[in-house]
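The values are calculated or read from the model by the stated rules, or taken from the named source; none is laboratory data. Nothing here was measured: the structure is a model prediction, and the numbers come from that model. The protein model used for the area step is the full one, side chains on, heavy atoms only, and it has no ligands, DNA or RNA in it. Shrake-Rupley method; radii C 1.70, N 1.55, O 1.52, S 1.80 Å.
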Amino acid sequence: MECTPTRKLERIPLLLRGSLGHFIDGAMRAPCAGRHRAVVDPATELTIAEAADGDAEDARAAVASARAAFESVAWKRTRPADRERMLCRLSELVLANGDELSALETLQGGKLRSVARRIDVESGAEFVRYMAGWATKLEGQTIDNSIPLPGRKWVTYTRREPIGVVAAIVPWNFPLAIALWKVAPALAAGCTIVLKPSEETPLTALRLAELAIEAGFPAGALNIVTGGAEVGAALAAHPDVRKISFTGSPETGKRVGHSAVDKLARFTLELGGKSPAIVLEDADLDEAAEGVCAGIFLHQGQVCTASSRLLVHRSIRDRLLDRLVRAARALRIGSGFDPRTQFGPLVSARHFGRVMAAIERGRDEGASLATGGARCGEAGWFIEPTIFVDDSAATSIAREEVFGPVLTATAFDDVDEAIRLANDTPGLAASVWTTNFSAAHRIVPRLHAGIVWVNSHNVLDNALPFDGVRQSGVGREMGRASVESFTEIKSVCLAV
């Protein structure tokens, strides 16, 4: 493995403004307490910006702005076709500013710039266009009623109405893309929104808010409050927030859910998992190796659906592992600005420490290290692509989400054993690798996962609902289910 942690320095307008504030009521606003925190390039460990470190007072100001915008005559009179037009314009602006946005993603999070461009910018813009269409297609129903009151005729129907002010809390791994997953359907439904990005990756959210104003959205429709847990807790508990959409860890997600239940607000939680890749004995080994490698090492394994748990038929385990180890060792490690780089740094020193601790626990618990497991280079938070073998499936490295470039391989002897192992960890996603589609169709219903891929991994479509089951989440992102989750159904009964 070659580690080249150099990067191309660029002059990005957002970074030339000095200390950054929140984006509230259509403009940058200094934090109430005057605090800022460093945003650090994980490839070099250099500070690239100072972002506002908000508190509960900042959160309250943002919610007040969102509520005023939601209740304003101008927003209530905005036609669905107008929201569609503004979202289409926002999609165009995301693409037009793609160079800046992808550079910010790489600088603040260590993502390969090609990945930032493809997923956060291009796929994000396409998702906004998809959601723009839903603004004009939300509808109620007429009901053929059976009201047992004689002498009157009754007309009954339902309406879909926006739920109100939304709080969205997004993680650091795909900060622009996941922000758009929440912002676009909320605005399409007619809601207003307060977005809290991760304190480690706040820059693209701030730029997105500026683009929303340029697209024609009124002040207060989209507000950004940057900072840590205090901001998130204040938003989740605020009585004027009627829907919370959260993506992050299960521990924080449970606290968010409790806050929502306490005030009887709606909530959507996407909480990650330990997604298995099941490789049957008849699978195309080259295709499976390529797919599993991409599934675990995309963005250094910092993906909620990463194929971090390989379950492979014992008869082909060694051959598949040989392919995977060779592929892992061939990855070129370095800065995301270098077009030759295939594998970048982890997002922060804190996360680097967590992943290294997980690797050490795996060794201590008896998992066999096939490759990787060490820091790469002296500057930046780089970890070698890592593969463990653990046929007991009992170690923490085999069962717990690492959220890093760590794959654990476990052999199975029959399909029933593979399904039992796959269902023994939280169920966000899974993949099945086989040339026997009859077998695949029999396996899919037995897997406890929100999304199952066959002969692929980490493939998404804007119309396809995305999220997990059990400990992996509540509710759905993307598709019709997403935009409808930002609405309430109102029943209407008319005596005529």
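Overall shape: oblate for the range 261-355, with the ratio a/c of the largest to smallest alpha carbon gyration tensor axis at 1.5 or above and b/c at least equal to a/b. With axes computed from alpha carbons, what is the tilt in degrees of helix 349-364 against the longest principal axis of the chain, rounded to the nearest 10 within 0 to 90? On a 0 to 90 degree scale, this one is about 40. Relative contact order for the chain: 19 percent, from Cα pairs under 8 Å spaced at least 6 residues apart, divided by residue count. For the chain, the longest principal axis of the C-alpha atoms and the axis of helix 56-71 are separated by about 50°.
Run lengths n ≥ 4 of DSSP H only: what is the helix-derived mean residue ellipticity at 222 nm for the chain, with -39500 (n - 2.57) per run over all residues, to the nearest 500? Mind showing how you got there, number by number?
Details: 16 runs with 177 residues, N = 496.
For the chain, the value works out to -11000 deg cm²/dmol.
The calculated P(r) of the range 394-434, using every Cα pair and 10 Å bins from 0, goes 22, 63, 16 in percent.
Considering only the range 360-496, what is the antiparallel percent among its DSSP beta bridges, to the nearest 5? Please report the intermediate quantities before stating the final value.
On the way: 6 of 14 bridges.
Around 45 percent of the beta bridges assigned by DSSP in the range 360-496 are antiparallel ones.
Ignoring ligands, DNA and RNA, what percent of the accessible area of the range 217-351 is carbon or sulfur (1.4 Å)? Don't skip to the end; give the middle numbers.
Details: 2480 of 4690 Å².
Carbon plus sulfur share of accessible area: 53 percent.
Backbone amide hydrogens, once placed in the peptide plane, bring H36 within less than 5 Å of D53, excluding anything fewer than 5 places away on its chain.
Ranked from largest, the principal axis spans of the Cα set of the range 397-496 equal 68, 33, 22 Å.
Computed from Cα positions, the angle between helix 124-134 and the longest principal axis of the chain comes to roughly 40 degrees.
With N denoting the number of residues in the chain, provide Rg(C-alpha) divided by 2.2 N^0.38 Å, to two decimal places. Could you put the intermediate results ahead of the total?
On the way: Rg = 23.6 Å, N = 496, 2.2 N^0.38 = 23.3 Å.
Dividing the Cα Rg of the chain by 2.2 N^0.38 Å gives 1.01.
With θ taken as phi - 60° and the Karplus curve 6.51 cos²θ - 1.76 cosθ + 1.60 applied, the whole-hertz 3J(HN,Hα) list for the range 461-469 is 9, 4, 8, 9, x, 10, 2, x, 10 Hz, x standing for glycine and proline.
With coordinates expressed along the principal axes, the C-alpha atoms belonging to the range 1-126 extend over 58, 38, 23 Å, beginning with the largest.
Remark: C-alpha extents of the range 176-230 on the principal axes read 28, 20, 20 Å, sorted largest to smallest.
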